[in-house]
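Participant: Here's a structure for you.
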Amino acid sequence: MTGQHEDHQRPGVLTGYRVLDCSIAMAGPFAAQRLGDLGADVIKVEPVSGEWQRHAAAGGATGNRINVSFLSLNRNKRSLAVDLKSEAGRDILRTLVASADVFLQNYRPGVAARLGVDYESLRAINPDLVYVSISGYGEDGPYAQRPGQDLLLQGMSGAMLSSGRAGEAPRAAGQYLVDAVTASTAFEGVLAALLHRERTGEGQLVTVNMLDAITTLQMQELSVYTVGGLPQTRSEQPHAHVYIRSPYGTFKTADGYIALAFPPLKTLGELLGEDSFLDMIDEEHGWTHRDEIFAATARHLETRSSQHWLDAFAAAGIWAGPVYGYADLLEDPQIRHNGTFVTYDHPTEGTVTVPGFPYKFSVTPPRIDRGAPLAGQHTREVLGELGLDVPVIEGLLESGVVVESA
């Protein structure tokens, strides 16, 4: 696999840990994938019809047998397809729990208890278990039953009103931002709980919710409001952040766009030939004349190419950078140098190139040992590891309690 460490015999950081991933959609599966990238044995426990994300193709990218949405969030996992609505299926899961280190779920509040896989029930089987429950708004409370959907939580978090023009509709991030932040938060929670267990031998319940994840991500902005007492005040111009002085944002050039971040106004005025900037004080007029400064900067930048301005700003020590599309990102020399993307061969989807890992380890690097599985691809394998003999496994398959991929 391109960009991967060659020594595939060396264990990963989490080799020897078993994770049961009973989550769906993005936040839970993404967190579990990160654990698998570090060597954990992640068993994706999914319905016999396959996890929801197998049937929801983001961007219409359906793939051959596995759509890109599922492919991107479920590498380094084995799939056990089992009917947890049946007692036999729940028995299989409870047997797995006895040998697991981490149990991760994002069921709607109350579902885990109905299935008998809530924390207290599984703790009785395995007291050392790190149990991670991900929800939209919290385990209980007035919003507990609301749908934890990314866009809805972006809107509720206040983040949308920290950029854009006054009087215009707030604009969402172009990524599944809340899902991604929640996944990272859950990943951190698992690692911290495992470290605690290593030190004390004690398992525990870890709860993560999307509302708190996106709210605490705004640590600095919300502190400016709660401690500094400064309200969110959007400008007439499309300023990129309400709590940063002008000019700050993306600007059109003669042939594209660039990003410009709060340059010294005198230096900027000299470079642009904008006399009105020359006597301005950055931390005074950058706030009181925010719209005028933004508009004047925009007028000048439209006259020359992006590269012209990037070269000029670099020479002047002004912070500026390109505005990429994905095609540009893949070709960027720093991205290539970092090995940010990895390429590997998937048995049904062919050669795929995807984002790799957000961290590096000098001794135990993350790697891709397997692509996203087909539903039930490892059902026989996992049941065999539980000590079930072939006739019992065949009986479970015939009854439909479990399935294997065709």
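Participant: So how much accessible area does THR288 have, in Å² to the nearest 10, using a 1.4 Å probe?
Facilitator: My reading of the accessible area for THR288 is about 90 Å².
Participant: Using a 1.4 angstrom probe, figure out how much accessible area segment 197-255 has per residue, in square angstrom, rounded to the nearest whole.
Facilitator: About 57 Å² of surface per residue is accessible.
Participant: Put +1 on the Cβ of each Lys and Arg and -1 on the Cβ of each Asp and Glu in segment 288-347; which of TRP309, ALA295, PRO347 then has its Cα farthest toward the positive end of the dipole?
Facilitator: The listed residue farthest towards the positive side: ALA295.
Participant: Ranked highest first by the average count of other Cβ atoms within 10 Å around their residues, in what order do 305-316, 362-373 fall?
Facilitator: Highest-to-lowest ranking by the protection proxy: 362-373, 305-316.
Participant: Here is a further query. Determine the per residue accessible area of segment 51-98 with all protein chains present and a 1.4 angstrom probe, expressed in square angstrom.
Facilitator: Result: 41 Å² of accessible area for each residue.
Participant: Select one label from (1) 85, 47, 42; (2) 63, 59, 41; (3) 59, 52, 43: the one whose number is Cα extents along the principal axes in Å as derived from the coordinates shown.
Facilitator: (1)
Participant: Straight distance only, please: which lysines reach the Cα of LYS360 with their own Cα at less than 24 Å, same-chain residues fewer than 8 apart left out?
Facilitator: Result set, ordered by chain and number: LYS77.
Participant: Calculate, for segment 258-406, the solvent-accessible area per residue in square angstrom, rolling a 1.4 angstrom probe over the heavy atoms of the protein chains.
Facilitator: Accessible area per residue: 55 Å².
Participant: Determine which residues of segment 246-268 fall in the zone a paramagnetic label at ALA327 would reach in this model, i.e. backbone nitrogen under 15 Å from the point 7 Å along Cα→Cβ.
Facilitator: Residues passing the 15 Å test: 256-257.
Participant: Another question, if that's okay. Over the chain, what relative contact order in percent results from Cα pairs under 8 Å that are six or more residues apart?
Facilitator: Normalised by residue count, the contact order of the chain is 21 percent.
Participant: Using modelled amide H (1.01 Å from N, peptide plane; none on Pro or chain starts), what sits under 5 Å from the amide H of VAL342, excluding residues fewer than 5 places away?
Facilitator: The list, which skips near neighbours in sequence, is VAL354, GLY356.
Participant: Once you place label points 7 Å from the Cα toward the Cβ at GLU398 and THR303, how far apart are they in nm?
Facilitator: Label-label distance for GLU398 and THR303, simple model: 8.4 nm.
Participant: Between segment 10-40 and segment 167-223, how many Å separate their Cα centres?
Facilitator: 16
Participant: With a 1.4 Å probe and all protein chains left in place, how much of the accessible area of the chain comes from carbon and sulfur atoms, in whole percent?
Facilitator: C and S fraction of accessible area: 54 percent.
Participant: Which percent, to the nearest 5, of DSSP beta bridges fully inside the chain are antiparallel?
Facilitator: Roughly 40 percent of the beta bridges in the chain run antiparallel, per DSSP.
Participant: Checking the a/c ratio against 1.5 first, then a/b against b/c, what shape does the Cα gyration tensor give for segment 210-337?
Facilitator: oblate
Participant: Something else now. Between LYS266 and TYR143, what FRET efficiency follows from the Cβ-Cβ distance if R0 is 60 Å, with the result rounded to 0.05?
Facilitator: 0.75
Participant: Quote to one decimal, in nm, the extra length available between ALA58 and THR343 on full extension: 0.36 nm per residue of separation minus the C-alpha distance between them.
Facilitator: Between ALA58 and THR343, full extension yields 100.6 nm more.
Participant: So, with +1 on the Cβ of K and R and -1 on the Cβ of D and E, and no other charges, what is the size of the charge dipole of the chain about its Cα centre, to the nearest 20 debye?
Facilitator: The calculation lands at about 420 debye.
Participant: How far is it, in nm, from the label point at LEU161 to the one at ALA192 when both lie 7 Å from their Cα along the line to the Cβ?
Facilitator: 2.9
The values are calculated or read from the model by the stated rules, or taken from the named source; none is laboratory data. Please read all numbers here as calculations on a predicted model, not as lab measurements. Positions of Cβ are backbone-derived with ideal geometry, glycine not excepted, and every protein chain shown enters the neighbour counts. The protein model used for the area step is the full one, side chains on, heavy atoms only, and it has no ligands, DNA or RNA in it. Shrake-Rupley method; radii C 1.70, N 1.55, O 1.52, S 1.80 Å.
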